[in-house]
1. I need the full set of residues from the stretch 159-184 which are in contact with a Lys or Arg (Cβ under 9 Å, 6 or more places away or on another chain), open to solvent by less than 10 Å² (accessible area, probe 1.4 Å) and assigned to a helix (DSSP H, G or I), in order please.
2. Looking at Val80, Val63, which one is closer than 30 Å to Ala165 by Cβ, open to solvent by less than 70 Å² (accessible area, probe 1.4 Å) and among the β-branched types (Val, Ile, Thr)?
3. Which pairs turn up if I take residues in the stretch 95-118 that are farther than 13 Å from Glu140 by Cα and look for partners that are open to solvent by 60 Å² or more (accessible area, probe 1.4 Å) and modelled with pLDDT under 85 with beta carbon separation below 7 Å, at least 6 apart in sequence or on another chain?
4. Anything in the stretch 139-158 that is open to solvent by 10 Å² or more (accessible area, probe 1.4 Å) and outside any helix (DSSP H, G or I)? List them, or say none.
5. Any idea which of Leu200, Leu206 is in contact (Cβ under 8 Å) with a residue 24 or more places away in the chain, aliphatic (A, V, I, L, M) and either more than 26 Å from Glu27 (Cα to Cα) or in contact with a Gly (Cβ under 6 Å, 6 or more places away or on another chain) (or both)?
6. Among the residues that make up the stretch 76-93, is at least one of them assigned to a loop (DSSP other than H, G, I, E, B), under 15 Å from the mean Cα position of the chain (by Cα) and more than 23 Å from Arg220 (Cα to Cα)?
7. Inside the stretch 114-138, can you point out the residues that are crowded, with 16+ Cβ neighbours inside 10 Å and hydrophobic (A, V, I, L, M, F, W, C)?
8. Please verify whether Tyr159 is in contact with a Gly (Cβ under 8 Å, 6 or more places away or on another chain) and either under 20 Å from Gly25 (Cβ atoms) or at pLDDT below 90 (or both), treating the condition exactly as stated.
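The values are calculated or read from the model by the stated rules, or taken from the named source; none is laboratory data. Source: prediction; values computed, not measured. With ideal geometry, Cβ positions are generated from the backbone for all residues, glycine too; neighbour counts draw on all protein chains shown. Areas reflect the complete protein model, heavy atoms only, side chains present, ligands, DNA and RNA absent. Shrake-Rupley method; radii C 1.70, N 1.55, O 1.52, S 1.80 Å.
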Amino acid sequence: MTTQPIPLEHRPGRAAATDRLERLGAEAFDDEELLGMALGGGSAGRRTARRLIHRFGSLTEVVRAHPVELRMAGLGSTIVPRLAATAELGLRIARRPPVDPWLIRTPADVAEPLIDAMGALEREELRVLLLDTKNVVTAERTVYRGNLAGSSVRVGEVYRDAVRACAAAVIVAHNHPSGDPSPSGEDLRITTELSEAGRLLDIEMLDHLIIGRGRWTSLRALGALNQPPATMR
């Protein structure tokens, strides 16, 4: 494979809302953009969203509005139920108790949730897990897709979201489509480079996992990070 991986935030020509959603997640959209997407998307949805927020005063008041009020504001009979359903979904999710946190104590805690999905990938993919001070995963980001040649993996891309989120630590994971999780010389070199960069940024790199088909390798356990292999911290 000779194609180079493309950092997800820098793919050219991806200005459409759906592409932004895939790259950055819904949190990257402002209230008007999100409401516009719920109303059907496009410039018409954005204009309607702007008008509703202006009329009701805020996004919160829009989603709290009675269907009769929304129809009086000019929404059609098909849009009003869709908006009401979207608002109710958000309320129900907010009312539910949080799921068990993804707590990392050993490399196996990282590998087990990832191995099925990443082990089946036909292309290489590099993911970064962001962790808080208690070793709980707060976010998972896919940073690269393609051939992870050492020269193409940039430190700034790997740590970008961690810096933005003020993460205490990161864990890097990438797959080997061949199914063999044995580290290459490039894997070891990248691990050393990323680990040193983390120390400079005061963001600890806890591990780099290589995922194969049904198997995985922890470079921390192999001593590539110069840290004890038994527990993460």
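1. Ala162 - this is the single residue of the stretch 159-184 that is in contact with a Lys or Arg (Cβ under 9 Å, 6 or more places away or on another chain), open to solvent by less than 10 Å² (accessible area, probe 1.4 Å) and assigned to a helix (DSSP H, G or I).
2. On the way: Val80 fails: closer than 30 Å to Ala165 by Cβ.
Among Val80, Val63, only Val63 is closer than 30 Å to Ala165 by Cβ, open to solvent by less than 70 Å² (accessible area, probe 1.4 Å) and among the β-branched types (Val, Ile, Thr).
3. Arg105/Thr231; Thr106/Thr231
4. Within the stretch 139-158, Ala139, Glu140, Arg141, Thr142, Arg145, Asn147, Leu148, Ala149, Val153, Arg154 meet the criteria.
5. Working: Leu200 fails: in contact (Cβ under 8 Å) with a residue 24 or more places away in the chain.
Only one candidate passes the filter, namely Leu206.
6. First, the residues of the stretch 76-93 that are assigned to a loop (DSSP other than H, G, I, E, B): 76-78.
After this cut, where a residue has to be under 15 Å from the mean Cα position of the chain (by Cα) as well, the list is none.
Taking every residue of the stretch 76-93 in turn, none turns out to be assigned to a loop (DSSP other than H, G, I, E, B), under 15 Å from the mean Cα position of the chain (by Cα) and more than 23 Å from Arg220 (Cα to Cα).
7. Answer for the stretch 114-138, where residues must be crowded, with 16+ Cβ neighbours inside 10 Å and hydrophobic (A, V, I, L, M, F, W, C): Leu114, Ile115, Met118, Leu126, Val128, Leu129, Leu130, Leu131, Val137.
8. Taking the combined requirement at face value, the residue satisfies it.
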